[in-house]
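A.B. asks: Right, I'll just put the structure down here and ask away after.
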Amino acid sequence: YNCRVRFKGRKPYTRYVLTRLLGLVMREPCFNYLRTQQQLGYVASCFDEEYKDIVTFNILVQGSRPGFGAEVIAEEHDNLLELQFNIFHELNSTSEGKANWEGLKVAMQQQIEQKQISLKDFSLELNSEIFNSPRDFSRKKKMVDALADVTADDFLVFYRTYLMGDQMRKVSSQIYGKDDTVPTTDLPEGSILVSPDISGYRDAHITTPFSENE
């Protein structure tokens, strides 16, 4: 099933608001599963992010637990996504799930329509609109219109296609501090080890000179 077919001809920003909804609904489950249950790191979060017309869904884990290298973290990412899809799918057929979905849309609309209360925040928002967006100054209204039309079924199809299906576009990176050593565990299939010498790689890519005291 092609997700693009389902959303072809729909209102502008339909897939955009679905990604934003994804970032909103996954925050608590992400923290609960990756940090509290699996204890993969002291920081674990899911969030959506926009840069130059592209909105992405991100999973971040930060920690130093021995034996929990790239392969383990990547596997638990996939486990989380599958687990939550099953939960969302089951909730979709219940009255509680339908009420939660409507509440989620209300919260999302409030985020979209939120007005900045300071000149600094307003300036930052305008700067983002100019440099990181399609320069559509009526897009907030279009987002709200698209949000009003999306259904829980739309969300499930979107989720299954882009986070679990063959069309999923996944980029996974693991970064270690200067005093850490790269784990010897197997890397996930298709991975590339950029540099085993962390300190050397860092020093070779510093573009600003520092004195010994800085």
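What follows is calculated from the coordinates using simple rules that are stated; it is not laboratory data. Remember, it's a predicted structure, so these values are computed and weren't measured experimentally. Every residue, glycine among them, receives a Cβ derived from its backbone with ideal geometry; neighbour counts consider all protein chains shown.
A.B. asks: Grab the Cα-Cα distance for GLU50 and LYS8, subtract it from 0.36 nm times how many residues apart they are, and report the gain in nm with one decimal.
C.D. replies: Numbers: separation 42, 0.36 × 42 = 15.12 nm, distance 2.17 nm.
Taking 0.36 nm per residue and subtracting the Cα distance, the gain is 12.9 nm.
A.B. asks: From a point 7 Å beyond the Cα of ASN58 in the direction of its Cβ, which residues of the stretch 19-49 have a backbone N at a distance under 17 Å?
C.D. replies: 19-28, 30-31, 42-49
A.B. asks: State, to one decimal in nm, how far the label point of SER173 lies from the label point of GLU102, with both points 7 Å from Cα in the Cβ direction.
C.D. replies: Those two pseudo-labels are separated by 4.3 nm.
A.B. asks: Estimate the FRET efficiency between GLN109 and ASP166 by the formula 1/(1 + (r/R0)^6), using the beta-carbon distance for r and 22 Å for R0, to the nearest 0.05. Kindly include the intermediate steps, with their values, before the conclusion.
C.D. replies: Working: r = 32 Å, r/R0 = 1.46.
Plugging the Cβ-Cβ distance into 1/(1 + (r/R0)^6) gives 0.10.
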